[in-house]
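J.: Dumping the structure here so I can ask a few things about it.
The values are calculated or read from the model by the stated rules, or taken from the named source; none is laboratory data. What you are looking at is a predicted structure, and each value in this text was computed from that prediction instead of being measured. Methodologically, a virtual Cβ is constructed for each residue, glycine included, from the backbone with ideal geometry; neighbour enumeration extends over all protein chains shown. Ligands, DNA and RNA are stripped out before the accessible areas are found, and what is left, the full protein with its side chains, is counted by its heavy atoms. Shrake-Rupley method; radii C 1.70, N 1.55, O 1.52, S 1.80 Å.
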Amino acid sequence: METVLLTIFSFTLLFTGIANRLNIFIRMLTVQGFLLFGITFLKLTEINWFNLLMILLETIIFKAVAIPWFLSYILNKNKMVRETEPFVSYFWSLIIITGFIILSYITAGFLQLEKNVRPEFMVAFSSVLTGVYIIISRKKIITHVMGYMIMENGVFMLSLTIGAHQPMLVNLGILLDIFVSVLVLGLFINKIGNTFEEMSIDNLSNLTD
Amino acid sequence: MALIIYFICALCLSGITMLVRKKAVIRACLLLFPGVQTLLNVYAFFHLGQTELTYFRYDHAGLIFLTVLTILSYTTVYYSLIYLKQHRDNLFRQAIYATALILLIVSMSCVYIAEHAGLLWVFIEATTLCVSMLIYHERNALSIEATWKYVFICSVGVTFAFMGIIFLGMTVQKNGLYDLNFSAVVNHVATANPFWLKMVFLFILVGFSTKMGLFPMQTITVDAHTVAPFPVSAFISTTLMNVGFVGIYRFYTALEHTSIGGWMSHLLMWSGILSVLVAAVYMLTATHLKRLSAYSSLEHMGLAAIGLSVGGPVLYAVFLHLILHAFTKAGLFYHLGGIHARFQTYKIESIKNYFGRSPSGGLIFFILLLFLGAVPPSGLFVTEFLILKGMFQTGHIWEMCLLILLMTVVLFAFIKNGLKMVFSGDKAEIPSQKNYFTSELIPQLILLAAVVWLGFFPPMAVVDFINQCFM
């Protein structure tokens, strides 16, 4: 069952590579939130029920509902629909993200992980790499934030592997998610939207030598 | 117990500042806070080596940086009051400035004394959030750009560092340890898979390089130091870069005696050399005074990384270098604030005949630039000499020659721009400005004197204290 959820997670990563409309990213983040809820429920069986309940609630409420809602609120307020032409075309994005999944498989081999942990590590690491890749290859600032969210989902999955004995670290990871994305990035995107016409990084290139 | 009182005092002062937005209250809270910070510092000295609240520990390395932070918090608050009076912002912005400054000092203090890897990470993230409010203080288009880049890239960097901490947790969990305090981790990593340890250190280095400003991640710190208000620039280009250094230093010493020790040292050496190279190249063509100073910070952090990688007795020079650099660079940024108040610009080509206009200011400015270029009365000469000597003794001859060449280029950039600004140009070209009040220049003179004293005539107590960090 867990392998099915992880496979669907990898499909969402590939789908974000070819997304042009911005609400696709938000839908993928919601799907990933629900998948993470399922994976957490199946994976963290060794900690006491109270910590497990907290982590599950945080996953569902923040990753699947609150943050996608907040991002779609920003999209509607600034009337953004589509991403502009990216630096790397969608065809090559798809191949590169597939390459990341293969790379994380090789890395899992080098790290000599146990067989039952490998699929999870693979998907988590490829999610981090995909998130960084989306930040690099897209122009709009809001897409950078969504790439950061995808990276955060990958880090959350990595933290589940030690979450059995250190649930505090898992909670810390989610807190980071909430603070950074909602409070700071959301507020600043509003300020940037007020100052500049179009929120792409072409406008943010004035500080040079 | 004392830490809890410290947190409560800081929260009270910042809360009062935010809720009661009167000019006198903001100034009073800002002036009271360095006193609270000094009390924590004195308490930490009396409880050296003890653990507090399980996750904090007052060890020697943390205490050195905490003392530097306390001394600089006095001068930063002093110059912040001058800055706020000059700028006459509305009271809401002043309240945010004061609150963010207090919370920034608290977060930085907690990073220095944190013992648990996860807690170190939490407070480094807290410093990012506090600093973003300060960088954004002037609220023009350039500030937005620098703040956005700083917050976003620091968040990505901090996420990478979190991954490094997770990998460290996974590594020690195989040996049966479920605790991430550094003193416990050191004993359990000797037998770990080297590839794991390399991943840990790589992610930590990339993540904390965004804070320290080392080579691949130096762009955001340079931009941030350029647009922030000058007391904040002084603070963050010294103590905040020390925070990044402490993060890297803790993990480096935890993993030093494993099989990847040589690999880590190699990585740090080349990161440092590339930082100095980038700094030297950009300083030659710099046109903005604060950018010139920000690249100089990059150069000194590169030197600290190189010293850390050489290791051994050179570590004394690294710590002393960071202390003296903090004092000198803070003095320079405070002085740049005075230059801006008089010339209304930071562009190098617009500032002429500074010495003719204001002899005291011109003299101090030129001495500050020379001290940063490590010319002999400066203590930085001693520390850079010791680092180069350490490189020679451990066989890094080619790297040492390259470094000497690059440091010459940096000194040339400083002297070229300094001479142009201080001595050349015609008096009649600029409208008249007022001379400096003595009170504005005295803290800078004290910092300069401290740099000379600690470099050339350090008291044995200070030398012993620094050497005890790595016994």
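J.: If I take R0 = 51 Å and measure r between the Cβ atoms of B:Phe92 and A:Trp92 in this structure, what FRET efficiency does the formula 1/(1 + (r/R0)^6) give, to the nearest 0.05?
T.: 0.60
J.: Considering the Cα positions of the range B:316-455, please state its Rg to one decimal place and its Dmax as a whole number of Å.
T.: Using the Cα atoms of the range B:316-455, the pair Rg, Dmax is 16.8, 55 Å.
J.: Roughly how tilted is helix A:167-177, in degrees to the nearest 10 and between 0 and 90, from the longest Cα axis of chain A?
T.: For helix A:167-177, the angle is close to 10 degrees.
J.: Within 10 Å of each Cβ in peptide A:149-161, how many partner chain Cβ atoms are there on average? Round it to a whole number, please.
T.: Average neighbour count from other chains, rounded to a whole number: 3.
J.: Another question, then. How many Å² of accessible surface get buried when A and B come together, counting both sides, probe radius 1.4 Å, rounded to the nearest 100?
T.: Values: alone 11220 and 18230 Å², together 25460 Å².
Summing both sides, the interface buries roughly 4000 Å².
J.: Relative contact order for the range B:35-98: what percent, with Cα pairs under 8 Å and sequence separation of 6 or more?
T.: Relative contact order here is 23 percent.
J.: Next question. For B:Ile5 and B:Asn187, what does the FRET efficiency come to when R0 = 41 Å and r is the distance between their Cβ atoms, rounded to the nearest 0.05?
T.: It comes to 0.80.
J.: If you don't mind, another one. Taking the Cα atoms only, what angle lies between the long axis of helix B:359-372 and the longest principal axis of chain B, rounded to 10 degrees?
T.: So the helix axis and the longest Cα principal axis differ by about 20 degrees.
J.: Scan chain A and report its longest stretch carrying no trypsin sites (Lys or Arg not before Pro) that are both in a DSSP loop and have at most 11 other Cβ atoms within 10 Å.
T.: The longest uninterrupted stretch comes out as A:116-209.
J.: While we're looking at this one, here's another question. Could you give the nm distance between label points at A:Leu175 and B:Gln468, where each point is 7 Å from its Cα heading toward the beta carbon?
T.: Distance between label points: 3.2 nm.
J.: So what's the gap between the Cα centers of the range B:359-424 and the range B:154-215, to the nearest angstrom?
T.: 34
J.: I would also like to ask the following. Taking every residue in B:118-131, how many Cβ atoms of other protein chains lie within 10 Å of its Cβ, on average?
T.: Other-chain Cβ atoms within 10 Å of each residue's Cβ, averaged: 2.
J.: OK, next. Over the range A:82-209, what relative contact order in percent results from Cα pairs under 8 Å that are six or more residues apart?
T.: For the range A:82-209, the relative contact order is 23 percent.
J.: Loop sites only, by DSSP: take the trypsin sites (Lys or Arg not before Pro) in chain B that have at most 14 other C-beta atoms within 10 Å and name the longest stretch containing none of them.
T.: On the way: sites that count: B:Lys22, B:Arg88, B:Arg139, B:Lys434.
It works out to B:140-433.
J.: Longest segment of chain B with no chymotrypsin sites (Phe, Trp or Tyr not before Pro) in a DSSP loop having at most 13 other Cβ atoms within 10 Å? Write out the running numbers ahead of the final one.
T.: On the way: sites that count: B:Tyr178, B:Phe437.
For chymotrypsin sites (Phe, Trp or Tyr not before Pro) (loop position, at most 13 other Cβ atoms within 10 Å), the longest site-free span of chain B is B:179-436.
J.: I would also like to ask the following. Between A:Ile136 and B:Asp179, what FRET efficiency follows from the Cβ-Cβ distance if R0 is 45 Å, with the result rounded to 0.05?
T.: My answer for the efficiency is 0.80.
J.: For the range B:215-267, with all protein chains present and a 1.4 Å probe, just round the carbon and sulfur fraction of the accessible area to a whole percent.
T.: Ligands and nucleic acids excluded, carbon and sulfur reach 62 percent.
J.: Partner chain Cβ atoms within 10 Å, averaged over the residues of B:159-169 - can you pull that number for me?
T.: For peptide B:159-169, the averaged partner shielding equals 6.
J.: Also: Ratio of Rg to Rh for the range B:219-260, alpha carbon only, Kirkwood? Please list the in-between numbers first.
T.: Details: Rg = 14.4 Å, Rh = 11.8 Å.
Result for the range B:219-260 is an Rg/Rh of 1.22.
J.: Let me ask something additional. Could you tell me how many degrees, from 0 to 90 and to the nearest 10, lie between the Cα long axis of helix A:49-58 and the main elongation axis, the longest principal axis, of the Cα atoms of chain A?
T.: The angle comes out at about 20 degrees.
J.: Run through all the Cα pairs of the protein assembly as shown and give the fraction in each 20 Å bin from 0, expressed as whole percent.
T.: Cα pair-distance distribution for the protein assembly as shown, in percent: 18, 52, 28, 2, 0.
J.: For A:Phe110, what charge total do you get from the other residues with a beta carbon under 12 Å from its beta carbon, if Lys and Arg give +1 and Asp and Glu give -1?
T.: +2
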